[in-house]
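Engineer: Below is one structure. I have some questions about it.
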Amino acid sequence: MQTAYTKEELRAILAPRRGRRIVLVPTMGALHEGHASLLRQARLLAGDDGCVVASVFLNPVQFDNAGDLATYPKTPKQDLETCDKCGVDVVFMPSPDTMYCADRSITLEETHLSTVLCGASRPGHFAGVCLVVNKLFNLVQPTDAIFGKKDYQQLAILRRLVRDLDIPVTIHGAEIVRGEDGLALSSRNVRLTPEHRAAAPGIRRSLLAAKEAYAAGDETSAICERVRQTLEAIPGVRCDYVELVDAVTLHEVTDPHRLALLAVAAWFGDVRLIDNIELSRS
Ligand code: PAF
């Protein structure tokens, strides 16, 4: 495995690999089993001839909250070990100064899918994600890139980015990886108090109950309210949003026969967790 800390190093390492399949897995580090699963899928997709690139970059531009950025876990040494174990060929680990010019002045804003869910409560977040992912696409020039479905809205927005800017990369969405108790793996889970860690799998249970209720034809507003009440019954928990939307437009469900998405963001103390589940009515 090779590690590039600058754009020049990355270009030099990738030069002999051009023309082959290059699969990129962008991450912000603090890698856990969810990331490991993305990296292993990338290895399978790239095959023996192809190249797997993982980027490990805690992108300051996508944080709307300085406290969240400051407390985001950083584990670069373990991240390199995880990448190595998962068969990554190249790790790109730039510093913020390497990645961004001090006087950068270009923004990249998606203006429809970003206005709802996390985009409504985290202004500027998805513009920061689009900017860094677009830069990574330009630097790595991957044939394929893999993103997890836990960040369902991010995945939808990045598909839109690639479509609207004609970026020649195939985007793959990977299933959410969960602990045995159902909690979606997240780098932020380590910051939960023991009480909130024990209660957090309640998110998954409430989503599963909602899936059944949706299939049985319950009203969407009643389903969302039940999830909200269940979660807010946990001491110290406040829902940011509980929304049932069309899984493609991320806006209101207008055709109940299309795939829907129930998405939740909730504060467990000062840790914001997100999760989602796809829903359908036959
Ligand atoms: O999902 C993440 O970890 C980040 O938003 C991403 C895609 C690596 C961009 O910084």
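The values are calculated or read from the model by the stated rules, or taken from the named source; none is laboratory data. Given the structure is predicted, the values throughout are model-derived calculations rather than measurements. Note that we place each Cβ from the backbone using ideal geometry, even for glycine, and neighbour counts take in every protein chain shown. Quick note on the areas: whole protein, heavy atoms, side chains included, nothing else; ligands and nucleic acids left out. Shrake-Rupley method; radii C 1.70, N 1.55, O 1.52, S 1.80 Å.
Engineer: Could you list all residues from the range 192-203 that are within 21 Å of the chain's Cα centre (by Cα), surrounded by fewer than 19 Cβ atoms within 10 Å (Cβ to Cβ) and either among the basic types (Lys, Arg) or over 20 Å from LYS149 (Cα atoms) (or both)? Let's see the steps before the verdict.
Structural biologist: The first filter runs over the range 192-203 and keeps only residues within 21 Å of the chain's Cα centre (by Cα), leaving 192, 197, 200-203.
From what's left, surrounded by fewer than 19 Cβ atoms within 10 Å (Cβ to Cβ): 197, 201.
ARG197, the sole residue that qualifies.
Engineer: Mind listing whichever residues of the range 55-99 are of a type in the set (Lys, Arg) and assigned to a helix (DSSP H, G or I)? Steps first, please.
Structural biologist: Step one: of the range 55-99, the residues of a type in the set (Lys, Arg) are 74, 77, 85.
Scanning the range 55-99 gives LYS77, LYS85.
Engineer: Being open to solvent by 20 Å² or more (accessible area, probe 1.4 Å), free of Cβ contacts under 8 Å to residues at least 60 places away in the same chain and part of a helix (DSSP H, G or I) is the filter here; which residues of the range 39-54 pass it? Even if it seems obvious, please write down each step before you answer.
Structural biologist: Looking only at the range 39-54, we keep the residues that are open to solvent by 20 Å² or more (accessible area, probe 1.4 Å), and these are 40-41, 43-45, 47-49.
Within this subset, residues satisfying the condition of being free of Cβ contacts under 8 Å to residues at least 60 places away in the same chain are 40, 43-44, 47-49.
ARG40, ARG43, LEU44, listed by residue number.
Engineer: Sticking with this one: What's the number of the condition PHE147 fails, among (1) buried (at least 20 other Cβ atoms within 10 Å of the Cβ); (2) free of Cβ contacts under 8 Å to residues at least 60 places away in the same chain; (3) within 16 Å of the ligand (Cβ to nearest atom)?
Structural biologist: (2) is the only condition that PHE147 fails.
Residue-by-condition table, conditions (1) aliphatic (A, V, I, L, M); (2) modelled with pLDDT under 95; (3) outside any loop (DSSP other than H, G, I, E, B); (4) in contact with an Asp or Glu (Cβ under 6 Å, 6 or more places away or on another chain):
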{"position": "ALA222", "(1), (2), (3), (4)": "yes, no, yes, no"}
{"position": "ARG226", "(1), (2), (3), (4)": "no, no, yes, no"}
{"position": "THR230", "(1), (2), (3), (4)": "no, no, yes, no"}
{"position": "GLU252", "(1), (2), (3), (4)": "no, no, no, no"}
{"position": "ALA265", "(1), (2), (3), (4)": "yes, no, yes, yes"}
{"position": "ARG272", "(1), (2), (3), (4)": "no, no, yes, no"}
{"position": "GLU278", "(1), (2), (3), (4)": "no, no, yes, no"}
{"position": "ARG281", "(1), (2), (3), (4)": "no, yes, no, no"}
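Engineer: Sticking with this one: Filtering the range 151-174 down to residues that are open to solvent by 40 Å² or more (accessible area, probe 1.4 Å) and within 15 Å of the ligand (Cβ to nearest atom), which residue is farthest from PRO201 (Cα to Cα)?
Structural biologist: Taking the range 151-174 as the starting set, the residues that turn out to be open to solvent by 40 Å² or more (accessible area, probe 1.4 Å) are 151, 159-160, 163-166, 168, 170, 172.
Okay, now just the ones that are also within 15 Å of the ligand (Cβ to nearest atom), so 151, 159-160, 172.
Values: ASP151: 17, ARG159: 29, ARG160: 31, HIS172: 26 Å.
Out of the qualifying residues, it is ARG160.
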